[in-house]
Amino acid sequence: AQKVTQAQTEISVVEKEDVTLDCVYETRDTTYYLFWYKQPPSGELVFLIRRNSFDEQNEISGRYSWNFQKSTSSFNFTITASQVVDSAVYFCALLNYGQNFVFGPGTRLSVLP
Amino acid sequence: GAGVSQSPRYKVAKRGQDVALRCDPISGHVSLFWYQQALGQGPEFLTYFQNEAQLDKSGLPSDRFFAERPEGSVSTLKIQRTQQEDSAVYLCASSPLGDRGTYEQYFGPGTRLTVT
């Protein structure tokens, strides 16, 4: 069975703080992909990153960074120096090859000015 | 525009009415997906098309839900005899490849359906 857990339902931080969103996944497949999507109030899911199961190298993109650890089945997302525009719901998702997306329940991030 | 568009953005239906939700994917995208997102939850898969072929409808919750993509571009999700539990945001996504297992999907803004 495939499952994605995002234990943090809501997080509030003050602007310029760093924040990490946790994601833990379960799968028996060896080939799979992990994603993060952002859902602003407008409702559209915005793609942030895709990671395949064979690439554990961490990635940094501007203020965003991702830490993929197969040993703990985690794919955590860190925003450095958060900004008000980062306020949104963030979803972690698992995609096993040839199957369908399994989304986590989401983490609502509020960045206060 | 260049993105996925959906219409209407909001729909209020009385219980028992039929509704039709439209999705215009990104031009040339082979794969098209429908998801249902209940309040406070992540999207859940409903159905998948590769061009005009519906290859997976395992997520459709009942036979009141029906989707089509007759010419391999625009898709319509139809819900017959709506029930209150159908209230949700319905998201459409498209992907450029036919291989659904590897590529990111591009999502539309969704249609918020409220059944009263």
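Give, to the nearest whole percent, the P(r) tail of the range B:21-116 beyond 22 angstrom, counting all Cα pairs.
22 percent
Filter A:LYS16/B:LYS11; B:LYS11/B:LYS57; A:LYS38/B:LYS11; A:LYS3/A:LYS38; A:LYS16/A:LYS70; A:LYS16/A:LYS38 down to the pairs with a C-alpha to C-alpha distance above 27 Å, please.
Table pairs above 27 Å Cα-Cα are A:LYS16/B:LYS11; A:LYS16/A:LYS70.
Where nothing but the Cβ of Lys and Arg (+1) and of Asp and Glu (-1) is charged, how large is the charge dipole of the range A:16-113 around its Cα centre, in debye to the nearest 20? Don't jump to the answer; show the numbers that get you there.
Values: 8 positive and 10 negative charges, 20 e Å.
Dipole of the range A:16-113, to the nearest 20 debye: 100 debye.
For B:ASN51 and B:TYR10 in one chain, what is 0.36 nm times their gap in residues minus the Cα-Cα distance, to one decimal in nm?
12.1 nm
Could you compute the FRET efficiency for B:THR76 and A:THR9, with r as their C-beta to C-beta distance and R0 at 35 Å, rounded to 0.05?
According to the calculation, E is roughly 0.55.
Using the Cα centre as the reference, give the magnitude of the dipole from point charges on the C-beta atoms of the protein assembly as shown (Lys, Arg: +1; Asp, Glu: -1; all else neutral), rounded to the nearest 20 debye.
600 debye
Given a cut-off of 29 Å, what percent of all Cα-Cα pairs of the protein assembly as shown lie beyond it?
28 percent
Show me, bin by bin at 10 Å from 0, the whole-percent P(r) of chain A based on Cα pairs.
Computed distribution, short to long bins: 15, 49, 30, 7, 0.
Please compute the modelled spin-label separation between A:THR31 and A:GLU56, points set 7 Å along Cα→Cβ, answer in nm with one decimal.
2.1 nm
Check each of the trypsin sites (Lys or Arg not before Pro) in the range A:1-38 and keep only those in coil by DSSP with at most 13 other C-beta atoms within 10 angstrom; list them in order.
A:LYS16, A:ARG28
Across every pair of different alpha-carbon atoms, what Kirkwood hydrodynamic radius in Å does the range A:64-113 reach?
For the range A:64-113, inverting the mean 1/r across all distinct Cα pairs yields 12.7 Å.
Carbon-plus-sulfur fraction of the accessible area of the protein assembly as shown, 1.4 Å probe, in percent?
The value for the protein assembly as shown is 47 percent carbon and sulfur by accessible area.
Under a point-charge model restricted to the Cβ atoms of Lys and Arg (+1) and Asp and Glu (-1), what is the dipole moment magnitude of chain B relative to its Cα centre, in debye to the nearest 20?
Charge dipole of chain B: 500 debye, to the nearest 20.
Positive end of the charge dipole of chain B (Lys, Arg +1 and Asp, Glu -1 on Cβ, about the Cα centre): tell me which of B:GLN36, B:GLN54, B:TYR103 has its Cα farthest that way.
So the residue furthest toward the plus end is B:GLN36.
The values are calculated or read from the model by the stated rules, or taken from the named source; none is laboratory data. Given the structure is predicted, the values throughout are model-derived calculations rather than measurements. Here the Cβ is made from the backbone with ideal geometry for all residues, glycine too, and neighbour counts use every protein chain on show. Areas reflect the complete protein model, heavy atoms only, side chains present, ligands, DNA and RNA absent. Shrake-Rupley method; radii C 1.70, N 1.55, O 1.52, S 1.80 Å.
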